[in-house]
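Everything below concerns the one structure shown next.
The values are calculated or read from the model by the stated rules, or taken from the named source; none is laboratory data. Because the structure is a prediction, the values reported are computed rather than measured. FYI the Cβ positions are ideal-geometry reconstructions off the backbone, even for glycines, and counts take in every protein chain you see.
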Amino acid sequence: MSRRKKDGDLMKLFSFRVPPKMIEEYRVFCDENCMDISKRLRKYMQKDIENWKKIKISKLMAKKAKEEKERLDNQKSQDNIDDINENDLFD
């Protein structure tokens, strides 16, 4: 089932399993604190997604940095091998 937001984007209903008692307690909590349950849950979902994206980016950057370091280390090793004079090997 879908609903349209004011700006025309479709919003889809999302179902998940939560114990009825927890739902009722959360509804009371939100009512007592003048909060909309749907908006609050969307807010938490957005924060989770933002944090997840930041973690993915930092892991990707760490992986690229590690690969670059390995590449530079391999290049340095190759340069050291190239610097060895053939005469030094047979002295």
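Note down all Cβ pairs under 8 Å where the first residue falls in the stretch 16-31 and is within 19 Å of Arg42 (Cβ to Cβ), the second is in a helix (DSSP H, G or I) and of a type in the set (A, V, I, L, M, F, W, C), and they're at least six residues apart or on different chains.
Qualifying pairs under 8 Å: Tyr26/Ile37; Arg27/Ile37; Cys30/Ile37.
So, of the residues in the stretch 6-64 that are polar (S, T, N, Q) and assigned to a helix (DSSP H, G or I), which turns out to be modelled with the lowest pLDDT? Give the derivation first.
If we filter the stretch 6-64 for residues that are polar (S, T, N, Q), which is where we start, we get 15, 33, 38, 46, 51, 58.
Still in the running and assigned to a helix (DSSP H, G or I): 38, 46, 51, 58.
On the way: Ser38: 85, Gln46: 95, Asn51: 96, Ser58: 95.
Among those that are polar (S, T, N, Q) and assigned to a helix (DSSP H, G or I), it is Ser38.
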